[in-house]
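The values are calculated or read from the model by the stated rules, or taken from the named source; none is laboratory data. Keep in mind it's a predicted model, so treat the numbers as computed, not measured. Quick reminder, even Gly has a Cβ in these numbers, built from the backbone with ideal geometry, and neighbours come from all protein chains shown.
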Amino acid sequence: MNLQEFLNAARAFGKAEWEAIVEGVENDMTLIDETLYSLARESEAKPPVIKRALVEHHPEVARYRRKIETYEGYPKDDILTLSRAMRPDVVKLMELRNMVAQNLGYIDYKDLECELSRIHEETIKDRLQEIVEKDSGEAEALIEKHSMSWESWFQDLRKMTALEETLQPQDIVENVAETFGFDKLPNVVNIHQNEQGIAGFARKFSDSDIRIAGRIIDNASDLKTFLHELSHAILYAYNTPENLEDFLLPAKDEFLANLLENILVKYVCTQTQRRLIQKVNLLEKIRMSLSALFELDLWNKVKTPEERFTYHYERLMPVEHPEYWALDSFRSIDPLFMQYYPLGLLAGENMLVIIDQEGLEGKELGAWLREHLINRAAHVEMAAFL
Ligand SMILES: [Zn+2]
């Protein structure tokens with residue numbers, strides 16, 4: 001298999017995803033799925049990126065994934081109706097992923113995912129439990145103070161962290177580039193903003209064209225999201241695979257973006273912005289930990305998702321409609337993925353302690369981050385930071 005062909009197909013896939021999600025273009029992704037799948041099958045070497053492609057672009061997995069992703073053919077009267085209608089397909093998709101993983105010699109899909117990410121399920125669960133136990137008291141107080149609910153969660157986060165002025169994303173990019181010496185960023189990053197659209201999204205079209213989509217930045221939640229997407233852009237700007245082992249898998253990409261995001265917040269945000277982002281992080285870290293614990297549990301007990309959903313989420317506040325599990329965060333599109341957000345944030349906190357001990361800052365810190373983390377992103381061991 002030709003590496004350049006695989007890279008081109010992977011980029012075409014990312015570009016088509018961008019067009020569908022950000023621009024609302026109705027792309028038929030079938031052909032790209034087929035290309036990636038047949039290239040992966042042809043490959044004699046089976047590094048993580050190939051194994052993942054054999055699952056995600058498997059014709060049946062891809063068909064169900066697409067259907068769920070685009071809500072194709074489901075009644076969309078309200079999200080409860082939508083969740084109920086999607087449920088059988090979400091279960092079917094889980095079964096398909098398990099089946100393909102088993103054909104590749106794994107116990108199930110979770111076994112494959114943990115091996116590709118080189119991190120044990122028990123380590124993941126222990127860290128997530130610690131996050132929930134450590135922060136839930138403070139989170140409950142915030143939830144009560146701001147009358148938050150699961151249904152209005154993201155609007156609540158925006159409302160409670162409103163900023164006095166609207167920030168310009170280009171200024172933030174300049175600031176990050178200047179602070180850390182990431183000189184090429186302003187030249188390669190293209191920003192698409194919209195009022196009500198997608199919260200955040202980043203894709204690499206080419207070495208000189210990295211796209212970020214996001215909302216207007218007038219609250220700390222959207223500021224945090226922008227810094228998160230910019231962290232993805234930094235990873236993409238300084239990483240071009242030279243062999244199959246160099247491909248950055250989504251799990252690692254997400255983990256490192258969360259880690260870097262925490263570092264950007266410390267060095268480019270004002271004190272007020274930092275304080276508000278800390279609030280968002282506290283609440284989001286718990287929500288995402290509960291979501292990930294539910295997700296990991298779900299793959300053990302596919303038959304009782306509603307019961308498991310309530311069990312995990314009720315640790316923070318009541319769940320009115322357990323049927324929403326079928327729509328939970330990333331579970332239908334990119335399952336077993338949620339843990340890399342809270343774990344990445346935790347790794348960022350640990351990394352800031354090291355940075356402090358080493359007395360690093362400014363461009364020196366930027367160079368250090370590039371050498372230890374950014375330039376060799378695909379080869380970083382996540383477990384080493386936890
Ligand atoms: Zn991300």
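If a residue has to be small (Gly, Ala, Ser) and touching a residue at least 24 places away in the same chain (Cβ under 8 Å) to count, how many in the range 91-144 make the cut? Please lay out each step first, then the result.
Residues of the range 91-144 small (Gly, Ala, Ser): 101, 105, 117, 136-137, 139, 141.
In the following step, the residues that additionally are touching a residue at least 24 places away in the same chain (Cβ under 8 Å) were identified as 101, 117, 136, 139.
The total comes to 4.
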Search result, residues across the range 76-90 that are out of contact with any Leu (no Cβ under 7 Å at 6 or more places or on another chain), free of Cβ contacts under 8 Å to residues at least 24 places away in the same chain and not hydrophobic (A, V, I, L, M, F, W, C): Asp77, Asp78, Thr81, Pro88
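Pick from Asp33, Asp108, Asp28, Asp77: which is touching a His at 6+ places or on another chain (Cβ under 6 Å), at negative phi and among the acidic types (Asp, Glu)? Walk me through it before giving the result.
Numbers: Asp108 fails: touching a His at 6+ places or on another chain (Cβ under 6 Å); Asp28 fails: touching a His at 6+ places or on another chain (Cβ under 6 Å); Asp77 fails: touching a His at 6+ places or on another chain (Cβ under 6 Å).
Within the list Asp33, Asp108, Asp28, Asp77, the selection yields Asp33.
Just give me the residues in the range 78-133 being charged (D, E, K, R) and over 29 Å from Pro47 (Cβ atoms), in sequence order.
Asp78, Arg84, Arg87, Asp89, Glu130, Glu133
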Given (1) outside the structural domain of Gln155 (by TED's automatic domain parsing); (2) part of a helix (DSSP H, G or I); (3) away from the ligand (no atom under 16 Å from the Cβ), index of the condition Asn300 fails: (2)
Strands (runs of 3 or more DSSP E) completely within the range 194-273 that count 1 or more residues being over 21 Å from Leu345 (Cα atoms) and aromatic (Phe, Trp, Tyr): 200-206
Residue that is modelled with the lowest pLDDT, among those in the range 199-242 that are hydroxyl-bearing (Ser, Thr, Tyr) and away from the ligand (no atom under 11 Å from the Cβ): Thr240
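Select, from Leu316, Leu290, the only residue that is in contact with a Ser or Thr (Cβ under 7 Å, 6 or more places away or on another chain) and either aliphatic (A, V, I, L, M) or assigned to a helix (DSSP H, G or I) (or both). Step through it out loud before you land on a result.
Values: Leu290 fails: in contact with a Ser or Thr (Cβ under 7 Å, 6 or more places away or on another chain).
So the residue among Leu316, Leu290 that is in contact with a Ser or Thr (Cβ under 7 Å, 6 or more places away or on another chain) and either aliphatic (A, V, I, L, M) or assigned to a helix (DSSP H, G or I) (or both) is Leu316.
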Count - residues of the range 354-383 that are part of a helix (DSSP H, G or I) and either surrounded by 13 or more Cβ atoms within 10 Å (Cβ to Cβ) or of a type in the set (Ser, Thr, Tyr) (or both): 15
All positions within the range 145-164 that are part of a helix (DSSP H, G or I), more than 22 Å from the chain's Cα centre (by Cα) and without any contact (Cβ under 8 Å) to a residue 12 or more places away in the chain: Lys145
Criterion (within 24 Å of Glu113 (Cβ to Cβ) and either assigned to a loop (DSSP other than H, G, I, E, B) or outside the structural domain of Ala101 (by TED's automatic domain parsing) (or both)) met by exactly one of Glu44, Glu26: Glu44
So Glu122, is it surrounded by 14 or more Cβ atoms within 10 Å (Cβ to Cβ) and assigned to a helix (DSSP H, G or I): no
Selection within the range 273-297 - more than 19 Å from the chain's Cα centre (by Cα) and touching a residue at least 40 places away in the same chain (Cβ under 8 Å): Gln273, Leu276, Lys279
Residues of the range 155-174 classified as under 20 Å from Ser231 (Cβ atoms) and exposed (fewer than 15 other Cβ atoms within 10 Å of the Cβ), total: 4
